[in-house]
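Values in this text are rule-based calculations from the coordinates and carry no lab data. Please read all numbers here as calculations on a predicted model, not as lab measurements. Here the Cβ positions follow ideal geometry from the backbone for every residue, glycine too, while neighbour counts run over all protein chains shown.
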Amino acid sequence: MLEVREIAKNFGPIQAVKGISFNVDKGEVLGFLGPNGAGKTTTMRMITGFLPPTSGTAIVCGHDVLAEPVAAKKNIGYLPENAPAYGSMTVANFLRFAAEVRGLRGADLKNAVEAAITKCRVESVRHQTIATLSKGYRQRVCFAQAILHDPPVLIMDEPTDGLDPNQKFVVRQMIREMAAEKAIIVSTHILEEVDAVCTRAIIISGGKIVANGTPSELKAKSSTGRLDDVFRMLTMGKEESNHA
Amino acid sequence: MLNMRNVWVVMKRELKSYFEAPVAYVFMVGFLVLTGFLTFFVTRFYERRIADLQPFFFWHPWVYLLLVPAAAMGLWAEERRTGTIELLLTMPITLAEAVLGKFLAAWLFIIIGIALTFPIVITTFYLGNPDAGVIISGYFGTILLAGAYVSVGMLTSAMTRSQVISFVMSLLLCLLLLLAGWPPVTDIFVRWAPNWLVNAVASISFMPHFESMQRGVIDVRDIVYYVSVIVFMFSATLLVLENRKSA
């Protein structure tokens, strides 16, 4: 459903992403791991059409993000880092706006907004303005925006960042509920998340893929069998040589 | 090429957001009090004993100079600061649709303010027999002028995450466009620049195009001028947003 082809991004002389390729199929939850600054967010921003790649492209449900950006974007739900949302709007109005931009009208719009409100458990704050919400609720509101048009591809940038353990549990549960009928990418630097929700994981470091496999395959790479050790082994040296 | 439905959705949200915050009310009251004060007390609307709106429209370029940059400064700067630009531009709409939607929202917002000055029209008709054609042409001109100011404010707003920087930049740019034909400004160029350059600088000024419409003359060239300014600023905004490196 999602195919990323040799995607790369330079910011001036800095190569933030150096040619990354991978596929995500329906039913897969791909964990996108890597230290801060490894290029996770940049890669996601290129797939979602927010940043133009320097080279390479991504194909979303048969649509090239560069050639047919609007068609590609229709098939994507995106939860950006830090869950941005229009602070002055109420939750319900914000979701209505998102549904309208997604081309929903009339009864479809109403049903989609109601379903997203229920699924993301934001019923109790629906008339509250977003600026007054706690981080956990804001995260869920932005999550609701990402899923309300029932996209086949769902991309989430650190969806559990800054949440308390209960809120993390809720978000992971929501991801698992949707996993069967979607292709999902979740970026994180919390390794326990991989075990909790992912069917496969990619580790990137210094803008390149350094490992790609199921959680158990990755664990087998280290003698201790722990994901933390694999992560450190694959990314530590790279980071240092990168900044040298 | 443009899906007007998307433009409409973006415009509606943006226009609503003005009224969700106190911004809209502060702005409207500020605009009406300022134009009212200047018209009645500075240019002495009553004492002139002439039933026309000349002393009212006279102030518009100056009142806009202060207020339009304030109304437009948040258009993109706020989206960039809070990161919502990442949501907006990953929705299935084109950049041009988003930019046009926002531009129209801000312009419409100013037009609502202009429309609220209707009591002065009633007053003039009550006191005398003004030329309705001149009044209509005057309003038409001031709306076009406001559009040009909004397009400048939108451009500077796209260039920064800081609303204050956007405000100051667009105020300066609008001031330059206002005064470009004024002798103290053209004199700077007269000393060293060739004649064609002096004329070019003088002809980009808002003022002559504004003044002819206040006299009741709707000239196609003036309309073309305003449309060109708006199209130019609009394209520059697109270029700035396309080339941004991050949010």
The size of the Cβ-based charge dipole (Lys, Arg +1; Asp, Glu -1) of the protein assembly as shown about the Cα centre, to the nearest 20 debye, is 240
Among B:V229, B:V26, B:V134, determine the one that fluctuates most according to a GNM of chain B built with springs between C-alpha atoms less than 10 Å apart. B:V26
Mind telling me which of B:L176, B:L89, B:L116 comes out most flexible in a GNM of chain B, alpha-carbon contacts under 10 Å? B:L89
Which of B:Y25, A:Y78, B:Y225 has the fewest Cβ neighbours within 10 Å, and the rest in rising order: B:Y25, B:Y225, A:Y78
Ranked from highest to lowest mean number of other Cβ atoms within 10 Å per residue, what is the order of the peptides B:144-153, A:179-188, B:214-223? B:144-153, A:179-188, B:214-223
When the distances between all Cα atoms of the stretch B:4-242 are binned every 10 Å from zero, what whole-number percent does each bin get? 7, 30, 33, 21, 8, 1
Select from A:G19, A:G103, A:G136 the residue whose mean-square fluctuation is largest in a Gaussian network model of chain A (Cα-Cα springs shorter than 10 Å). A:G103
For A:H189, the residues 5 or more places away or on another chain with a placed amide H closer than 5 Å to its own amide H are none
From the cross-link list A:K110/B:K12; A:K135/A:K168; A:K74/A:K208; A:K119/B:K12, the entries with a Cα-Cα span beyond 22 Å are A:K74/A:K208; A:K119/B:K12
Can you work out ³J(HN,Hα) from phi for every residue in the stretch A:168-180, in order, using Karplus 6.51 cos²θ - 1.76 cosθ + 1.60 and θ = phi - 60°, giving whole Hz and x for Gly and Pro? 4, 4, 4, 4, 5, 4, 5, 5, 4, 4, 9, 4, 4
Rounded to the nearest Å, the spacing of the alpha-carbon centers of the stretch B:1-46 and the stretch A:24-99 is 34
To check my understanding: the extent here is largest minus smallest coordinate of the Cα atoms along each principal axis. What are those three numbers for the stretch B:146-209, in Å, largest first? 39, 23, 17
If I model a spin label at A:M236 and B:M4 as a point 7 Å from the Cα along the Cα→Cβ vector, what separation in nanometres do I get? 6.3
Taking θ as phi - 60°, what are the ³J(HN,Hα) couplings along the stretch A:149-160 by the Karplus curve (6.51, -1.76, 1.60), each to the nearest whole Hz, with x for Gly and Pro? 9, 6, x, x, 10, 10, 10, 10, 9, 6, x, 10
Taking A:K221 as the anchor, which aspartates and glutamates have their alpha carbon closer than 13 Å to its alpha carbon, excluding any fewer than eight residues away along the same chain? A:D229
Mean separation of Cα pairs under 8 Å and 6+ residues apart, divided by the residue count of the stretch B:4-242: what relative contact order is that in percent? 27
I'd like the distance between the alpha-carbon centres of the stretch A:148-216 and the stretch B:114-128, rounded to an integer number of Å. 62
Return the inverse of the average 1/r over all pairs of distinct C-alpha atoms in the protein assembly as shown, which is the Kirkwood hydrodynamic radius, in Å to one decimal. 25.3
For B:I136, B:I85, what's the fewest-to-most ordering of other Cβ within 10 Å of each Cβ? B:I136, B:I85
Of the residues B:L75, B:H209, B:P183, the Cα lying farthest along the dipole of the stretch B:4-242 towards its positive end, which is defined by charges on the beta carbon of Lys, Arg, Asp and Glu, belongs to B:L75
For a quick check: sort A:L2, B:L108 by the number of other beta carbons within 10 angstrom, fewest at the front. B:L108, A:L2
In whole Hz and in residue order, list the ³J(HN,Hα) couplings for the stretch A:204-211 that follow from phi through the Karplus curve 6.51 cos²θ - 1.76 cosθ + 1.60, θ = phi - 60°; x for Gly and Pro. 10, 8, x, x, 10, 7, 10, 7
Within 10 Å of each Cβ in peptide B:16-23, how many partner chain Cβ atoms are there on average? Round it to a whole number, please. 3
